[in-house]
Amino acid sequence: MFKKLLILLFPVSVMAQTEIPLNDLSAFKNPSANWSIEGDASGNPNSSVITPKAGKGVLLCTLKGAKYQRTDDLRFNLEHGDIRLSLDFIIPKGSNSGIYLQGRYEVQIFDSWLKKVPGDGDCGAIYHRWDETRGKGKEGYEGHAPLQNACKAPGLWNHIDIDFKAPTFDASGKKITNARFNKVVLNGVTIHENIELLGVTRGAIFPEEGTKGPILIQGDHGQVAFKNIRYEVFDKPLATFSPVTFDYFEGKLADLKTDKLKPVKSGKSDKPTMKLAEAKSDFLIRFQGKITASEADNYLFTTNWTGTGALIVDGDTITKGSHWYSESVKGSKNLSAGEHTYTLIYAKDFSWGPKGLGLFIERVGSWKQNITERTSLPEPEPTPLVEVKVSDETMLQRSFVMFGKKKITHAINVGMPNGLNFSYNLNQGGFLQIWRGAFLDATEMWYERGEPQIGQAMGAAVTMNNKFPLVYAMDNNGVFPDSSADLQYKGYRLEKKTASNGNVASYPVFMYAYKGVNVKDQETPLDSGEGIKRQLSVEGESTGKLYALLAEGSKIEDAGGNRFNVDGQIYVQTFPSETNKPFIRDNNGRKQLVTLVEGKEITYHLIF
Amino acid sequence: MIHQVKTKIFTLTAAACLLAGQLLMAQNKPKAMTEEDYYEIKTLSIPSDIKLEVGGVAPIPDGRVAVCTRRGEVWMIENPYQIGGTVPHYTLFASGLHEALGLAYKDGSLYCTQRGELTKLTDTDADGKADLYECVATWPLSGNYHEYSYGPVFDKNGDMYLTFNVAWVGYGEGKLAKWRGWLVKVRKDGSLEPIATGLRSPAGFNINAAGDILFGENQGDWVGSGRITHLEKGDFAGNAGGLYWTKEPDSPLKLTREDLPDNGEPMYEAAKKVKQLKLPAVWFPHALMGISTADMLEDVTDGKFGPFEGQYFVLDQGQSKAMRMVLEKVNGKYQGACFPFRDGFQSGTIRARWGNDGSMFVGMTSRGWGSTGKDLYGLQRLVWNGRLPFEMKTILAKPDGFEIEFTQPISKQAAENLSSYELKSFTYKYHHNYGSPIINQENCPLKGVIVSEDRLKVRLVVDNLRKGYIHQVTASGIVNEEGQPLLHDFGFYTLNDIPSGELAKLPAKSANSNSAKDVKKAVKVTEVKASPNAPVDTKQVMALLKKHACTSCHAADSKVVGPAFAEVAKRKYTNEQILELVYNPKPENWPDFATEMASMTHVPKGDVLKIAAWINSLGKKAKPDTEKLLNRD
């Protein structure tokens, strides 16, 4: 009963991101002529050039002079230590850039599109260190390849989140802790987690490590564009905590009342800890201590316990209630600078479940800090990953799939041999998501009962429109409905196809009955690996003209060569005839790329 | 090679021991027989990289068997009978299905039930793999994990039937998706024809030789204990979840949740008020027989599976075993008895199908639902070895009692002794709560016995027969001509109705040897004050644990269906607290266990306290220093 709650609760954290304004270049120190502010940027998978649009909000680097001039690197005014940084970037074909945290530790930006096994020079890698004394060919060392290649096609927007902890030093300047990437997430895929860096990476602008330094973006190798640069620094002092006194009671005391009771034990402790409760259950322990806030601010408290408890700060109850230890209960309070008293009460009146007590404090600009002893709160039970892998044969796996907040119950995930994958709503004949890389995380289906029954994409997924792409209409204004009672799913057939590398694999052809015609929908990977080819065909006759919906988005742009860029997330390659070209239309505030289907078949490619 | 030598030595040693044992025993009692002396479990070897979490089993006429799994694979197994000690060969026939829990073979195709679809799988290009996955029927789902779908089962006309679990939202809920909690028939156009509702967790169902549909139900809300019910169009089998859909125009019944009495009276009483409420043909008393009814098979093997032609074998997932059921029709309705049959399967027994040789394939999984068999999954065959077990073959209802038929002639002397038998009856509450304690337990005094000429039958003339009650018939004193006791000496007869007919003519001598004044004896609780410090008689407790079926879910040191007694001991309950928990279990105390314990109020207080004292003695042994904590309150 308690256990089921675990899934429902997610920790929330203080978010206070600052955006670097890109109205001009004033956030940067002496930017070279390579750097400009634009209104938008887009590209093409085969082009090393970014096409800018005039305006504000996008930072563009265009090589104006020679390559490899370090003066072209863009140095931020912002000097930082611990930081969470997130931004969007476009890397055109063959280009190369990088984000140096503190000007010292580089997360590589690189056109690594289609690369199967990324190295420490690929997109998202923590670039290697460099030491010429190691000997020729061995200079590079201690680089970290991303856990998987999550890079998108040249010209599309990538999103990266970097959570960085600066090295720390004692008063004499001796390093105490290494610099660390707590987490790096590229296009939704975790590519590094808790990686320590033993020194600065190659190309650092300072040879020595330090507590602060500017963000630096490489601007001397090729074109690159950025937008939505947001950060949060963790440089504010938090609080100090006095040793605590405690009173330990025994009995069923979930009402937290102890006025008439004498403690079984009382004493002092460095920190509050559940280890001081001797019994497994039927006890209450109360800690009293002082928090010295460094500055006046709103402080966020998080408590965890198995049983019942309360946190009282300066007489105000901050959190209270009966919970399981994995539930984080939060409450905040404005504290003046200086000393504050707190009382932490924890009672457990049932014998099952682990004892656990946690109290944490944080504020904007500081990391969350544990007030309780480290082992006072047990760690959650580890759950093994259950992964569906793809080898030389296509893997199909039905599951529930989340589409936004909706659980799609009749969905199938298809993983094709060259790492192209998609989720498809069988009831709807529509794509839910497409992605490249590792296929499916089935842990929530196949671990224990698998109560969520959700299959999750393991690569960088692009959300699609979940719509059946065909409609019979009298003119260009036919509506593609969200769901259609006229559509009847008939099953799928697996058809063998030989790829250019000789590999024979089977690919599904989904079959539907729709308004008197039979529809086939086949997806195959492009031999180039650049994307997925979709072929829709009909058998039979219906009334009206047949239209196909090729894409939907808030922005659809012609990228040339009959290719369309949809929201900077995906390209749609069309194959029009001389007389029949796809058109972009407005539909309830969204854009739709639609074409009349001449004959019985339509083919288009999704490139990402 | 070393391994083989070792095995041989072991075999020789074992044989020597057996021989010695037999010599010793020849002087007094015959060797006690076990289930495996008659029914042998053969384990199919499974390649180490296959997670064969069986959901469905479909033997194929050519000698292969197809198996579908909870991970959505269909494996074609060649040489599954492992003839001459050979190994089976596994080919992946289909994959990617959504928790496939049922599989059937027909005319060259396999029919598989996924969560939301009945799919026909065909290999059209003869490469041994299905390449056509046709949607035969599809139905909505809410996304709740508990909305499992089972089947298909074919009838004689080639029509298919499916059963749909209700969702679990803290109780069984049917309204989240259409026809949850129903038995449906698949029409030729793929649409679903609702047949009957009131199903909670119908993992196993069967269409018997007479064309009647029987389904197995799992204890839960509105279901006091596991049971098997005959479903006809318009029936309501008890769980309220599916009633939401009776408002649909094609629903064959109009009953609503509000029409149900929810007062804990027996289902038999409720059925007098609610005419659509279908009584189970056979109850499988919770923990005394099984804990989670799964698949069933009718014995149509023409004797290949032993002496139980026409009877049924019913699996229990949690207890990794097969039980036996015999049905008769009284006044046109099925009722009958269940017996223990064979336990010891390797994992949670969910699916059974007859092999071509009359052996029984048993497919297993225990992921998420613990089972006595320790493996996470498995596939075994149950094979009759040709020897005749000494069993109660049938129990049939008579106007004045029961008639037991045995598989072997019995000793007349033992059979005529009234103390060879014990009969009592009880039932369960019908209410929205999860499960039920045993209620209204009473004795059925035995008035007399008539042994048939051929000594294969006894007619028991019994007092206090109660309609709607489960009658436990124990015949522990019966022996066969060799002095061998019954392999299983009890069964449970569900007496929904009492047939008319000729009354037994008891010989004068036995007419008054037992009287009606003992009726209430069974419910009279012997007040035993078990002092917490009294020495614990382990042997006696072992017998009690077995007698009250505690051991079907608990073991001393290991997790079975429920926690180990040693774990219970760690909770440091007093004996009285344990008593309270045995009578009113709190499953929330054990969130890591999938199966909730049933209330065991029928176990006498004195027995529970003895068991409790023994449980707590385990804790003392493990940690003597916790003594003071134990005595704190």
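When the stretch A:562-588 is filtered for residues that are exposed (fewer than 12 other Cβ atoms within 10 Å of the Cβ) and closer than 26 Å to A:S48 by Cα, only A:F575 remains. Taken residue by residue, the stretch B:217-228 has no member that is among the hydroxyl-bearing types (S, T, Y), part of a strand (DSSP E or B) and either at pLDDT below 95 or crowded, with 20+ Cβ neighbours inside 10 Å (or both). Of the residues A:L549, A:L536, A:L593, the single one that is over 31 Å from the mean Cα position of the chain (by Cα) and buried (at least 19 other Cβ atoms within 10 Å of the Cβ) is A:L536. Select from the stretch B:173-211 the residues that are part of a strand (DSSP E or B), aliphatic (A, V, I, L, M) and within 20 Å of B:S251 (Cα to Cα) and list them in ascending order. Within the stretch B:173-211, B:L183, B:V184, B:V186, B:L192, B:I195, B:A196 qualify.
Would you check if there is a residue in the stretch B:555-564 being surrounded by 15 or more Cβ atoms within 10 Å (Cβ to Cβ), at pLDDT 85 or above and under 22 Å from B:G290 (Cα atoms)? Checked the stretch B:555-564: at least one residue is surrounded by 15 or more Cβ atoms within 10 Å (Cβ to Cβ), at pLDDT 85 or above and under 22 Å from B:G290 (Cα atoms).
Out of the residues in the stretch A:50-88 that are in contact (Cβ under 8 Å) with a residue 40 or more places away in the chain and basic (K, R), which is surrounded by the fewest Cβ atoms within 10 Å (Cβ to Cβ)? My answer is A:K67.
Of all residues in the stretch A:150-191, those satisfying the criterion of being in contact (Cβ under 8 Å) with a residue 12 or more places away in the chain and at positive phi are A:G155, A:N187, A:G188.
Test A:N96 against the criterion of being surrounded by 16 or more Cβ atoms within 10 Å (Cβ to Cβ), at pLDDT below 95, more than 16 Å from A:A204 (Cβ to Cβ) and not assigned by TED's automatic domain parsing to the domain that holds A:A559, and give yes or no. Judged against the criteria, A:N96 is not a match.
Spot the failing condition for A:V504; the list is (1) closer than 30 Å to A:A460 by Cβ; (2) among the hydrophobic types (A, V, I, L, M, F, W, C); (3) in contact with an Asp or Glu (Cβ under 7 Å, 6 or more places away or on another chain), and only one is missed. It is condition (3) that A:V504 fails. In this entry, B:Y90 is excluded by the filter for residues that are hydroxyl-bearing (S, T, Y), within 14 Å of another protein chain (Cβ to nearest Cβ) and in a strand (DSSP E or B). Only one of the listed residues (B:G143, B:G170) is modelled with pLDDT under 95, within 13 Å of another protein chain (Cβ to nearest Cβ) and assigned to a loop (DSSP other than H, G, I, E, B). That residue is B:G170. Within the stretch B:367-395, the only residue that satisfies the criterion of being on the phi > 0 side of the Ramachandran plot and more than 19 Å from the chain's Cα centre (by Cα) is B:G386. Looking only at the stretch A:486-514, count every residue that is more than 13 Å from chain B (Cβ to nearest Cβ) and surrounded by fewer than 18 Cβ atoms within 10 Å (Cβ to Cβ) and tell me the total. Residues flagged as more than 13 Å from chain B (Cβ to nearest Cβ) and surrounded by fewer than 18 Cβ atoms within 10 Å (Cβ to Cβ) within the stretch A:486-514 amount to 7. Restricting B:D302, B:D316, B:D259 to residues that are surrounded by 18 or more Cβ atoms within 10 Å (Cβ to Cβ) and of a type outside the set (A, V, I, L, M, F, W, C) narrows the list to B:D316.
Per the conditions (1) touching a Lys or Arg at 6+ places or on another chain (Cβ under 9 Å); (2) part of a loop (DSSP other than H, G, I, E, B), the sole criterion not satisfied by A:T302 is (2).
Every residue, every condition in (1) touching a Phe, Trp or Tyr at 6+ places or on another chain (Cβ under 7 Å); (2) over 18 Å from A:K93 (Cα atoms); (3) exposed (fewer than 15 other Cβ atoms within 10 Å of the Cβ); (4) charged (D, E, K, R), yes or no:
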residue: A:F164; (1), (2), (3), (4): yes, yes, no, no
residue: A:A171; (1), (2), (3), (4): no, yes, yes, no
residue: A:V185; (1), (2), (3), (4): no, yes, no, no
residue: A:L197; (1), (2), (3), (4): yes, yes, no, no
residue: A:V200; (1), (2), (3), (4): yes, yes, no, no
residue: A:Q223; (1), (2), (3), (4): no, no, no, no
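In the stretch B:432-442 there is no residue matching the filter, namely being touching a strand residue (DSSP E or B) at 6+ places or on another chain (Cβ under 8 Å), closer than 30 Å to B:E73 by Cα and either at pLDDT below 95 or part of a loop (DSSP other than H, G, I, E, B) (or both). What about B:A210, is it farther than 18 Å from B:L162 by Cβ and surrounded by fewer than 24 Cβ atoms within 10 Å (Cβ to Cβ)? So B:A210 passes the test. Looking across the stretch B:73-92 at every residue that is in contact with a Ser or Thr (Cβ under 6 Å, 6 or more places away or on another chain) and surrounded by 20 or more Cβ atoms within 10 Å (Cβ to Cβ), the one that is farthest from B:W369 (Cα to Cα) is identified as B:M76. Number of residues in the stretch B:364-405 that are aromatic (F, W, Y), within 14 Å of chain A (Cβ to nearest Cβ) and buried (at least 20 other Cβ atoms within 10 Å of the Cβ) equals 1. Out of B:M323, B:M360, report the one residue that is within 17 Å of B:W384 (Cα to Cα) and within 10 Å of the chain's Cα centre (by Cα). Unique residue meeting the criteria: B:M323.
Each row is one residue, and each column tells you yes or no for (1) in contact (Cβ under 8 Å) with a residue 24 or more places away in the chain; (2) in contact with a Leu (Cβ under 8 Å, 6 or more places away or on another chain).
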| position | (1), (2) |
| --- | --- |
| A:Y299 | yes, yes |
| A:W305 | yes, yes |
| A:D316 | no, no |
| A:T319 | no, yes |
| A:W324 | yes, yes |
| A:S328 | yes, yes |
| A:I361 | yes, yes |
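Among the residues of the stretch B:146-164, those identified as on the phi < 0 side of the Ramachandran plot and either part of a strand (DSSP E or B) or within 7 Å of chain A (Cβ to nearest Cβ) (or both) are B:S149, B:Y150, B:P152, B:V153, B:F154, B:M160, B:Y161, B:L162, B:T163, B:F164. Looking only at the stretch A:460-467, decide whether some residue is of a type in the set (D, E, K, R), in a strand (DSSP E or B) and either in the same structural domain as A:Y424 (by TED's automatic domain parsing) or touching a residue at least 12 places away in the same chain (Cβ under 8 Å) (or both). Looking for residues that are of a type in the set (D, E, K, R), in a strand (DSSP E or B) and either in the same structural domain as A:Y424 (by TED's automatic domain parsing) or touching a residue at least 12 places away in the same chain (Cβ under 8 Å) (or both), one finds none in the stretch A:460-467, hence no.
Answer yes if at least one residue in the stretch A:106-126 is among the basic types (K, R) and more than 23 Å from the chain's Cα centre (by Cα), and no otherwise. So far as the stretch A:106-126 goes, no, none of its residues is among the basic types (K, R) and more than 23 Å from the chain's Cα centre (by Cα).
Cβ-Cβ distances below 7 Å connect no pair with a first residue in the stretch B:199-224 that is not assigned by TED's automatic domain parsing to the domain that holds B:E298, a second residue that is assigned to a strand (DSSP E or B), and a separation of six or more residues or different chains.
Taking the stretch B:93-114 as the search range and keeping residues that are assigned to a loop (DSSP other than H, G, I, E, B) and farther than 23 Å from A:S506 by Cβ, which one is nearest to the other protein chains (Cβ to nearest Cβ)?
In this case the residue turns out to be B:L101.
Could you list all residues from the stretch A:34-65 that are among the β-branched types (V, I, T) and assigned to a strand (DSSP E or B)? A:I37, A:T51, A:V58, listed by residue number.
The values are calculated or read from the model by the stated rules, or taken from the named source; none is laboratory data. Keep in mind that what you see is a predicted model, and the values were worked out from it rather than measured. With ideal geometry, Cβ positions are generated from the backbone for all residues, glycine too; neighbour counts draw on all protein chains shown.
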